[in-house]
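Trainee: Okay, handing you the structure first.
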Amino acid sequence: MLVLAQALQMVIQQPFMMVLVLMGAVIGLVFGAIPGLTATTGVALALPLTFALNPEMGMALLIGIYVGGISGGFIAATLLGIPGTPASIATCFDAYPLSQQGQPVKALAIGATASFMGTLGSTICLVYIAPIIANIALKLSPFEYSTLMFCALTLIATLAREEPFRGLASGFLGILLGSIGIAPIGSTLRFTFGLVPLSAGLNLLAMILGIFAIKQISVDYAEDKPIPLVDLEVKGLGFRLGEIVDNAWNIVRSFLIGLWIGFLPGMGAGLANLIAYAQAKSSSKHPEKFGKGAPEGIWASEVSNNAAIGGAMIPMLTLGIPGDSVTALLLGGLMIHGLIPGPLLYIKQPRLVNSIFGLLAISAVICLVLCYLGMRLFPRVLTIPRHYLYPVLMVLSFVGSFASNNYSFDFWIMLLFALVGMLMDMAKMPMSPMILGFILGPMLEENLRRALTYSAGSWLPFITRPVSAVLLAIAVFSLVNSVIKMRRHQALQAGKSA
Amino acid sequence: MNRNQLTGSLLTLIGVAALIIAKDLSAPVIEYDPGPRFFPSIAAVGLILCGIAIFIQPQGRIEPFLTPRGWRRMGQMAALLICYTLGLLYLGFLIATPIALYIVIRMMGQPKSKYLTTIVVSLAVTFVTHYVFQELLMVLLPSGLW
């Protein structure tokens, strides 16, 4: 722990750096909590401000925003059922129902603590095992990436256990939606129907704002249900300490998933939370409680999305490859100052590397403190009369869908997906497999096609390459396990109805 | 036609349409590449099979999604959302938003919302949002056709 302690000391001894990281964390939390604004937007907007600062001070502001932005997403997801960022999509599934059952403080407390664990744990991994993980990743080829994606895709079977065909259909629909736009490798336009804005594919943010925000506002208005009573009392941590022990394996597993997914280029917290959530459901003794306010789901989602932060920083610092969109911007921030991230950075700029470690850990602590300080304040949002709260959310959703691409076309995408979400609710089709399919589909396709091109059309390397074979075996095991559990669930249901 | 048959038919229809469109996509340009039609075709076939499976599933007891009054309210909301979108495109954020906010607050809050409070809230939310996004965060908002 000596390296991390030195790094922390280095940051704490510089008051201006502490002010910058605090400022960044506050900005990040606000960005994360507002639907439509993400950590990427926050870092992009703050990047020009760092030109006038030295690299360490600039990193303090940007890392604060990054950690705050990923952490803050759970606030809107918990209180409003709208993921503040794609990193908190799975948080919505259980944190919002728990909040609706009158326990928003508990849901927020779990979110804050889980986010802290994810960020701090991944920072420790970044400090001590980054080069080892980086070496493993360098050996991965499109074959391993394809089987890894396929492995993750089999989790759809887990998410769809109660209604297998509906869940699978939702997943296939997601894959089809993900194939809209320019196809990988050959750049062929697919399913765009002559609409230029569709060339870049569907905007994920507009989709989730439609599915989660606009649909929810419309259905709540149509149903005209009374506002649930909210418990605003904060006792101790906000949840039983024993819950951490009960969820120990769930936390460790979600952490490892987040770290690994964050580390792989092109993925990140947006995917990590969905996969960790599906795994938590798959391994739970009470999968039927998921989606109805199960704390396990919140632990899984929030630990994993924050673990992806440290994960994404590993390839950025060790190899100079960004793990996600925010680390790509951080990379740009370093390069503007003439610093080239990669193995040499550790030798040439040890002070900067150390301060990045310290800043990540300090940001995690600051976000935890800020979230706990706001714990009494945040749930008061739920006491605002709906006829004022919902119209404001509606406006923010429209602004959010427009802000990400500055395309007015995204308004229509958002409205279309509000309708799709409602139709899927009517048809009792789960939403999570569609989102997982939408995110994973394009990645699987690109890697699979690349792999087949490398192997001259042969599928054999998928089995003969050891890592790929292990991943395929895990995928098959996951599928068989899901089918067995599905059968058990159906038998149990049949027994109950008899 | 029950809800399962309707869902199954719709999914099968989407799958068939996707399959037909995918068939017309260009052939692969690189040797051994399965091409752009390969992956969507697999998803489309999967969707068709799931659609058929849902179609033939027995229909259990189902609750109506919304009451007739609920559907009327849903219609109002849908109309408002479409009008607001058109308003943003043609009139811009600063004109369309206070009007939409006024209507939706009155619609949702009757008889609790008062005229004056509604006007003040609509204008305040519009200008605060505009100031925060456009001035502070430099995030562009729709300006309409002006």
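Trainee: Quick one: count up the residues across region A:257-314 that are among the β-branched types (Val, Ile, Thr) and at pLDDT 90 or above.
Mentor: Final tally of qualifying residues: 3.
Trainee: Within region B:64-71, does at least one residue satisfy the condition of being farther than 24 Å from A:VAL392 by Cβ, under 23 Å from the mean Cα position of the chain (by Cα) and among the basic types (Lys, Arg)?
Mentor: So far as region B:64-71 goes, yes, one or more of its residues are farther than 24 Å from A:VAL392 by Cβ, under 23 Å from the mean Cα position of the chain (by Cα) and among the basic types (Lys, Arg).
Trainee: Moving on. Condition (residue is assigned to a helix (DSSP H, G or I), within 11 Å of chain B (Cβ to nearest Cβ) and surrounded by 15 or more Cβ atoms within 10 Å (Cβ to Cβ)) applied to region A:452-475: is it met by at least one residue?
Mentor: Yes, because at least one residue in region A:452-475 is assigned to a helix (DSSP H, G or I), within 11 Å of chain B (Cβ to nearest Cβ) and surrounded by 15 or more Cβ atoms within 10 Å (Cβ to Cβ).
Trainee: A further question follows. Look at region B:2-29 and say how many of its residues are in a loop (DSSP other than H, G, I, E, B) and either within 7 Å of another protein chain (Cβ to nearest Cβ) or free of Cβ contacts under 8 Å to residues at least 24 places away in the same chain (or both).
Mentor: 6
Okay, residues lined up against (1) buried (at least 22 other Cβ atoms within 10 Å of the Cβ); (2) in contact with a Phe, Trp or Tyr (Cβ under 8 Å, 6 or more places away or on another chain); (3) of a type in the set (A, V, I, L, M); (4) assigned to a helix (DSSP H, G or I):
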{"residue": "A:GLN6", "(1), (2), (3), (4)": "no, no, no, yes"}
{"residue": "A:MET10", "(1), (2), (3), (4)": "no, no, yes, yes"}
{"residue": "A:VAL21", "(1), (2), (3), (4)": "yes, no, yes, yes"}
{"residue": "A:VAL26", "(1), (2), (3), (4)": "no, no, yes, yes"}
{"residue": "A:LEU37", "(1), (2), (3), (4)": "yes, yes, yes, no"}
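Trainee: Restricting attention to region B:53-79, report how many residues are of a type in the set (A, V, I, L, M, F, W, C) and more than 9 Å from chain A (Cβ to nearest Cβ).
Mentor: 3
Trainee: Kindly indicate whether A:LEU440 is surrounded by 21 or more Cβ atoms within 10 Å (Cβ to Cβ), in contact (Cβ under 8 Å) with a residue 24 or more places away in the chain, out of contact with any Gly (no Cβ under 6 Å at 6 or more places or on another chain) and away from chain B (no Cβ under 11 Å).
Mentor: yes
Trainee: Another one. Can you spot a residue in region A:402-411 that is among the small types (Gly, Ala, Ser) and free of Cβ contacts under 8 Å to residues at least 60 places away in the same chain?
Mentor: yes
Trainee: Something else about it: Identify all residues within region B:46-69 that are of a type in the set (Val, Ile, Thr) and in contact with a helix residue (DSSP H, G or I) (Cβ under 7 Å, 6 or more places away or on another chain); write none if there are none.
Mentor: Across region B:46-69, the qualifying residues are B:ILE48, B:ILE52, B:ILE54, B:ILE62.
Trainee: Moving to a separate point now. Mind listing whichever residues of region A:157-191 are small (Gly, Ala, Ser), in a helix (DSSP H, G or I) and either open to solvent by less than 10 Å² (accessible area, probe 1.4 Å) or more than 9 Å from chain B (Cβ to nearest Cβ) (or both)?
Mentor: Within region A:157-191, A:ALA157, A:GLY167, A:ALA169, A:SER170, A:GLY171, A:GLY174 meet the criteria.
Trainee: While we're on this one: Please go through (1) within 18 Å of A:ASN306 (Cβ to Cβ); (2) open to solvent by less than 50 Å² (accessible area, probe 1.4 Å) for A:GLY342 and return the number of the only condition it doesn't satisfy.
Mentor: (1)
Trainee: In the list A:TYR372, A:TYR388, which residue meets the criterion of being open to solvent by 10 Å² or more (accessible area, probe 1.4 Å), among the aromatic types (Phe, Trp, Tyr) and within 14 Å of chain B (Cβ to nearest Cβ)?
Mentor: A:TYR388
Trainee: Here is a check on your reading of the model: is A:SER401 over 29 Å from A:GLY58 (Cβ atoms), of a type in the set (S, T, N, Q) and more than 12 Å from every other protein chain (Cβ to nearest Cβ)?
Mentor: no
Trainee: Just a yes or no: is a residue in region A:363-370 under 23 Å from A:PRO48 (Cα atoms) and at pLDDT 85 or above?
Mentor: Yes, region A:363-370 contains at least one residue that is under 23 Å from A:PRO48 (Cα atoms) and at pLDDT 85 or above.
Trainee: For region A:80-134, what are the residues that are within 23 Å of A:VAL30 (Cβ to Cβ) and among the aromatic types (Phe, Trp, Tyr)?
Mentor: The answer is A:TYR96, A:PHE116.
The values are calculated or read from the model by the stated rules, or taken from the named source; none is laboratory data. Keep in mind that what you see is a predicted model, and the values were worked out from it rather than measured. Because the Cβ atoms are built from the backbone with ideal geometry, glycine has one as well, and the counts that use them run over all protein chains shown. Each accessible area value is taken on the protein alone, full model and side chains, heavy atoms only, with ligands, DNA and RNA left out. Shrake-Rupley method; radii C 1.70, N 1.55, O 1.52, S 1.80 Å.
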